[in-house]
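Novice: Submitted below is the structure of interest, expressed as structure tokens.
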Amino acid sequence: MIRISRKIIFAFAIIFILIFSSLPYAFASGGINIDTASVWARNGIAEATEKGFVSVDLDKCYTDAITRAEFCNMAVKWLEYRLESDIYAILREKGISRIKRAFTDTDDAAILAAYALGITKGTGDGRFSPDGQIVREQAAVMIRNACAVAGMNVGDTSGAGYVDIKSASDWAVDAINFCRNNNIMFGTGNNNFSPNDTFSIEQSVLAFNNISFVCDADLIRFANELFDLTNAERSKAGLELFEQTPNLTKTARQRAGELTEKFSGSHERPDGSDCFTAYIENGVVFNYAGENIASGQRTPGEAINGWMNSPGHKANILNENFRHLGVGVALDAAGQLYWSQNFTD
């Protein structure tokens with residue numbers, strides 16, 4: 001217990017959680033046995049399968065090269081996942097129609113939708129070459145274009161430092177740099193990108209799974225979900241549910257933002273003051289107060305599960321003295337999420 005002119009209870013434990021799917025040795029929904037994937041890729045593939053954008057359904061191995069048609073379909077599946085809408089609704093919302101005869105060698109609906117959205121331009125002369133193998137620079141361009149359609153800022157194209165960047169096509173350089181700067185695609189070793197090498201199915205899955213961007217609306221939604229999940233834990237324990245107050249919510253959002261500047265086990269603010277000074281600054285009146293913080297969790301579910309498996313954090317969540325809760329979620333420049341729960345009586 002810490003006193004700052006009032007009784008304050010807070011947990012010192014800080015949690016770092018890496019939650020993996022429970023499906024690493026099952027069959028992916030796309031129909032490929034995940035045992036054919038490299039060991040280092042299986043957890044990411046399991047995550048992507050759960051999200052629903054592993055769309056390759058041929059009798060292949062994850063280490064096989066991916067075709068242009070397969071990659072384009074995966075891009076569309078990822079876009080549907082990210083925008084929480086099917087591709088036809090996405091086209092309608094953007095006022096775009098598919099061009100049914102865009103290519104002479106395919107009428108695949110996903111490919112035509114991707115063309116209409118500007119994700120792909122084909123290989124020239126009215127052809128898409130659906131059965132051709134996609135190379136790394138082409139994959140980077142499609143990924144960047146898909147991110148743009150999803151609303152991501154795709155302007156970070158500063159040089160990623162690949163020594164072989166001059167061997168890339170001029171139209172691919174910005175996309176290659178963007179994918180590396182945003183930790184979506186990585187090099188092939190010795191600081192090379194190998195723009196004309198083929199891209200495997202497992203590399204494609206991981207690239208799309210690596211795309212991590214969150215807008216302000218997502219942060220608010222995450223905070224609301226975490227508030228509801230926290231109250232679900234209170235309900236299980238037979239405790240009174242938390243209520244929200246504007247000032248406490250403002251405090252939690254401020255604290256989450258501060259965590260992106262300084263995250264340590266001391267619960268200190270960036271200026272070195274105690275975390276509870278933020279309560280006072282925001283006009284929060286309390287007799288008892290507490291704070292839970294976490295870093296690196298990708299979903300509200302991961303955050304609450306981690307806290308409920310940490311005695312100190314769980315004690316705050318189930319503390320009978322606490323009746324009010326504010327929740328804040330913030331994102332740092334590297335795409336990492338920070339979570340804050342701020343409790344009062």
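Novice: If I model a spin label at T245 and T299 as a point 7 Å from the Cα along the Cα→Cβ vector, what separation in nanometres do I get?
Specialist: Result: 3.3 nm between the two label points.
Novice: Length gain on complete extension for the stretch A333 to A148, per 0.36 nm per residue less the alpha carbon to alpha carbon distance?
Specialist: Numbers: separation 185, 0.36 × 185 = 66.60 nm, distance 1.80 nm.
64.8 nm is the gain from fully extending A333 to A148.
Novice: Rounded to the nearest 10 Å², what accessible area does I220 show when all protein chains are kept and the probe is 1.4 Å?
Specialist: 80 Å²
Novice: If you roll a 1.4 angstrom probe over the protein chains with everything in place, what fraction of the accessible area of the chain belongs to carbon and sulfur, to the nearest %?
Specialist: 48 percent
Novice: Scan (i) 19.8; (ii) 29.6; (iii) 16.2 for the value of mean projected area of the Cα convex hull in nm² calculated from this model and give just the label.
Specialist: So the calculated entry is the one marked (i).
Novice: If I take R0 = 22 Å and measure r between the Cβ atoms of N196 and K166 in this structure, what FRET efficiency does the formula 1/(1 + (r/R0)^6) give, to the nearest 0.05?
Specialist: On the way: r = 12 Å, r/R0 = 0.56.
Calculated transfer efficiency: 0.95.
Novice: May I ask you to rank L112, L219, L229 by accessible area, largest first, using a 1.4 Å probe over the protein chains only?
Specialist: L229, L219, L112
Novice: Could you put K166, K314, K60, K250 in order of accessible surface area, largest first, with the 1.4 Å probe and the full protein assembly present?
Specialist: Ranked list, largest accessible area first: K166, K250, K314, K60.
Novice: Which of these, P246, P195, P130, has the largest mean-square fluctuation under a Gaussian network model of the chain (Cα springs below 10 Å)?
Specialist: P246
Novice: Please arrange H324, H267 by accessible surface area, largest first, computed with a 1.4 Å probe and ligands excluded.
Specialist: The most accessible residue leads, giving H324, H267.
Novice: With the contact rule set at Cα under 8 Å and sequence spacing of 6 or more, what percent relative contact order holds for the stretch 239-305?
Specialist: Numbers: 32 pairs, mean separation 19.2, N = 67.
Answer for the stretch 239-305 is 29 percent.
Novice: Another question, if that's okay. Would you list, by chain and number, the lysines whose Cα falls below 22 Å from the Cα of K77, excluding same-chain residues fewer than 8 positions away?
Specialist: K51, K60, K94, K100, K121
Novice: Heavy-atom accessible area per residue, the stretch 140-267, 1.4 Å probe: how many Å²?
Specialist: 46 Å²
Novice: S266 to E93: extension gain in nm, 0.36 nm per residue of separation minus the Cα-Cα distance?
Specialist: 57.6 nm
Novice: Using only Cα atoms, find the angle between the long axis of helix 216-236 and the longest principal axis of the chain, and express it within 0 to 90 degrees, rounded to the nearest 10.
Specialist: 50 degrees
Novice: Nothing charged except the Cβ atoms of Lys and Arg (+1) and of Asp and Glu (-1): what's the magnitude of the dipole of the chain about its Cα centre? Round to the nearest 20 debye.
Specialist: For this selection, approximately 440 debye.
Novice: Based on Cβ point charges of +1 for Lys and Arg and -1 for Asp and Glu, what charge dipole magnitude is obtained for the stretch 205-305 about its Cα centre, in debye rounded to the nearest 20?
Specialist: Approximately 140 debye in magnitude.
Novice: Okay, moving on. What list of ³J(HN,Hα) couplings, whole Hz, do you get for the stretch 323-333 from phi and the Karplus terms 6.51, -1.76, 1.60, once you set θ to phi - 60° and write x for glycine and proline?
Specialist: 10, 10, 9, x, 10, x, 9, 9, 10, 8, 5
Novice: How big is the accessible area of S273 in square angstrom, nearest 10, if you roll a 1.4 angstrom probe over the protein chains?
Specialist: About 30 Å², rounded to the nearest 10.
Novice: Okay, next question. Calculate the length of the line joining the C-alpha centroid of the stretch 116-139 to that of the stretch 311-345, in whole Å.
Specialist: 46 Å
The values are calculated or read from the model by the stated rules, or taken from the named source; none is laboratory data. In this text, all values refer to a predicted model and were calculated from it rather than measured experimentally. Quick reminder, even Gly has a Cβ in these numbers, built from the backbone with ideal geometry, and neighbours come from all protein chains shown. Heads up: the accessible areas ignore ligands, DNA and RNA and are worked out on the full protein's heavy atoms, side chains in. Shrake-Rupley method; radii C 1.70, N 1.55, O 1.52, S 1.80 Å.
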